[in-house]
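Accompanying notes for the structure given below.
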Amino acid sequence: RFYEKVQALHQDPEASVDNPLLAFSLIKRLHSDWPSVIYSDEATRNTQALHAGLREVEQELPGAEDLGGAARALMRLQDVYALSVRGLARGVFQRAGPPPLYSPGRRVSLSADDCFHVGKVAYDTGDYYHSIAWLEEAVSLFRLSYGSWNLGDRSSLEDALDHLAFSYFMAGNISHALSLSREFLRYADPRNQRVLRNVAKYKKLLEMGTGGCRGPPPPLSPSHALLGPLSPQPAPKQLLHLSCSYETNSSPYLLLQPAKKEMVQIQPYVALYHDFITDAEAETIKGLAGPWLQRSVVASGEKQQKAEYRISKGAWLKDTADPVVRALDRRIAALTGLDLRPPYAEYLQVVNYGLGGHYEPHFDHATSTKSPLYRMKSGNRIATVMIYLSAVEAGGSTAFIYANFSVPVVKNAALFWWNLRRNGNGDGDTLHAGCPVLAGDKWVANKWIHEHGQEFRRPCSADPQD
């Protein structure tokens with residue numbers, strides 16, 4: 001009501017001061033009417049209701065860990081896909097040259113405050129390579145809007161300059177740290193004792209000939225380097241053996257509807273089975289797993305724990321959970337010819353990879369006898385069946401690192417590979433990674449089959465090296 005009154009009275013701004021009645025009502029409104037609205041009983045009750053409403057849903061809202069994880073996801077995508085930070089801030093997923101890696105239907109840009117927060121997450125962990133890139137973008141955007149107030153901004157140009165100056169100092173570029181500190185003093189408090197001490201320190205270091213223009217450290221960690229560019233084509237000799245076929249695997253279960261098999265690689269043996277499940281089955285499995293999803297853990301010695309190198313949520317489904325899960329087990333058994341009866345296979349693991357979700361290079365089979373896998377008394381994981389339950393718009397491929405190839409996400413398809421050689425040793429060529437999801441929501445279901453129970457289904461070879 002107050003706002004409507006103001007709108008009606010001030011359609012012509014000049015009349016507000018020309019007309020003494022309007023001028024009086026304006027002064028009165030600003031002096032007493034507006035504060036009385038702010039401090040009225042209704043406003044107090046509304047504020048209390050707003051606070052109470054927040055408290056009710058606070059536990060379900062994202063926390064600091066979620067926000068930090070989302071910021072680290074953006075940095076991971078920046079590294080793995082060599083994306084420009086300036087492009088990301090403008091809503092463009094751009095590599096060094098055109099075309100863009102991914103073009104969203106609706107471009108969403110980041111604010112200066114958004115970029116500052118990503119840079120601050122890196123800064124707080126001493127990751128000055130990323131903090132410099134993101135804080136530079138924050139400073140650039142804050143300069144464009146300097147003097148204007150934006151709802152939601154919790155940082156400012158001064159904050160960004162302060163953090164960026166120290167990031168450059170830690171990266172060894174003292175001359176740039178000095179110029180940014182001086183700019184901070186111009187915009188903020190020129191008598192800020194801490195920054196004045198920094199300026200004096202930087203000057204002294206430069207006079208001593210220390211720290212000219214060294215930039216930040218190299219961007220890629222060893223694990224990210226493993227996910228770098230893969231060779232575009234397999235060797236010609238391997239191509240001769242790759243084919244597509246309809247497979248029954250001598251199983252009556254597959255006679256009427258054979259499996260659509262695409263041989264992806266000979267060594268390691270990797271096959272992709274298209275249309276392995278239906279859309280309805282995929283949705284059922286996702287729906288069953290949804291309420292039970294927990295942050296995924298990895299084996300660490302004899303324990304399991306969360307780790308930054310695996311960002312996903314997972315749940316386990318027994319075959320008794322639903323007829324769809326039971327039917328899936330029968331289909332996998334028919335396709336692979338392996339025994340999936342307990343305890344020869346694990347429950348179905350359903351995994352969801354969200355924003356920047358990934359899994360760095362790893363083996364599915366245990367490489368140490370201390371692994372929790374050996375407590376299952378059914379031997380090591382002989383084979384993996386990974387079912388893609390959803391499509392993604394970009395990213396999310398399964399990359400086999402040493403074998404130098406990757407398999408994109410194909411909705412409703414199942415990827416199969418042997419983890420162990422026939423002699424029982426682990427196959428080193430199965431080292432693989434789940435590349436970060438660039439755009440979309442990636443769901444997979446994993447079925448791990450163990451070596452015990454398969455002795456006559458996949459017998460040893462006459463060659464002990466096989």
Note on Gly356: of the conditions (1) among the small types (Gly, Ala, Ser); (2) within 20 Å of the chain's Cα centre (by Cα); (3) buried (at least 20 other Cβ atoms within 10 Å of the Cβ); (4) part of a strand (DSSP E or B), unmet is (4)
Selection from segment 436-466 of residues that are touching a Leu at 6+ places or on another chain (Cβ under 6 Å), assigned to a loop (DSSP other than H, G, I, E, B) and farther than 22 Å from Leu373 by Cα = Pro436
Here the residues within segment 244-294 that are of a type in the set (S, T, N, Q), closer than 30 Å to Tyr402 by Cα and in contact (Cβ under 8 Å) with a residue 60 or more places away in the chain are Asn249, Gln265, Gln267
Those residues that are in contact with a Gly (Cβ under 8 Å, 6 or more places away or on another chain) and part of a loop (DSSP other than H, G, I, E, B), I need them from segment 168-210; list them, please.
-> Gly172, Asn173
Quick check: anything in segment 160-167 among the charged types (D, E, K, R), in a helix (DSSP H, G or I), touching a residue at least 12 places away in the same chain (Cβ under 8 Å) and in contact with a helix residue (DSSP H, G or I) (Cβ under 9 Å, 6 or more places away or on another chain)?
-> yes
Here the residues within segment 342-388 that are in contact with a Pro (Cβ under 7 Å, 6 or more places away or on another chain) and among the hydrophobic types (A, V, I, L, M, F, W, C) are Met376
So which of Gly87, Gly119, Gly152 ends up being free of Cβ contacts under 8 Å to residues at least 40 places away in the same chain and either open to solvent by 20 Å² or more (accessible area, probe 1.4 Å) or closer than 30 Å to Tyr353 by Cα (or both)?
-> Gly87
Condition set of a type in the set (Asp, Glu) and either open to solvent by 30 Å² or more (accessible area, probe 1.4 Å) or within 14 Å of Tyr128 (Cβ to Cβ) (or both), scope segment 155-198, selection modelled with the lowest pLDDT: answer is Asp189
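Yes/no matrix, rows are residues, columns are (1) at positive phi; (2) assigned by the TED database to the domain that holds Gly147; (3) outside any helix (DSSP H, G or I); (4) surrounded by 10 or more Cβ atoms within 10 Å (Cβ to Cβ):
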{"position": "Val6", "(1), (2), (3), (4)": "no, yes, no, yes"}
{"position": "Leu22", "(1), (2), (3), (4)": "no, yes, no, yes"}
{"position": "Glu42", "(1), (2), (3), (4)": "no, yes, no, no"}
{"position": "Arg55", "(1), (2), (3), (4)": "no, yes, no, no"}
{"position": "Pro98", "(1), (2), (3), (4)": "no, yes, yes, no"}
{"position": "Gly105", "(1), (2), (3), (4)": "no, yes, yes, no"}
Among the candidates Ala112, Ala82, single out the residue that is surrounded by fewer than 19 Cβ atoms within 10 Å (Cβ to Cβ) and either out of contact with any Cys (no Cβ under 6 Å at 6 or more places or on another chain) or of a type in the set (D, E, K, R) (or both).
-> Ala82
Check segment 130-152 and report whether any residue there is at pLDDT below 95, farther than 20 Å from Ala71 by Cβ, assigned to a helix (DSSP H, G or I) and not small (Gly, Ala, Ser).
-> yes
Within segment 359-381, how many residues turn out to be part of a loop (DSSP other than H, G, I, E, B) and either farther than 18 Å from Gln265 by Cβ or open to solvent by 50 Å² or more (accessible area, probe 1.4 Å) (or both)?
-> 11
Just wondering, is there one or more residues in segment 283-295 that are open to solvent by 20 Å² or more (accessible area, probe 1.4 Å), in a helix (DSSP H, G or I) and polar (S, T, N, Q)?
-> yes
Segment 199-221 - residue that is among the small types (Gly, Ala, Ser) and at pLDDT below 60 and, of those, surrounded by the most Cβ atoms within 10 Å (Cβ to Cβ) = Gly211
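The values are calculated or read from the model by the stated rules, or taken from the named source; none is laboratory data. Just so it is clear, the model here is predicted, and its values are computed rather than measured. Here the Cβ is made from the backbone with ideal geometry for all residues, glycine too, and neighbour counts use every protein chain on show. Heads up: the accessible areas ignore ligands, DNA and RNA and are worked out on the full protein's heavy atoms, side chains in. Shrake-Rupley method; radii C 1.70, N 1.55, O 1.52, S 1.80 Å.
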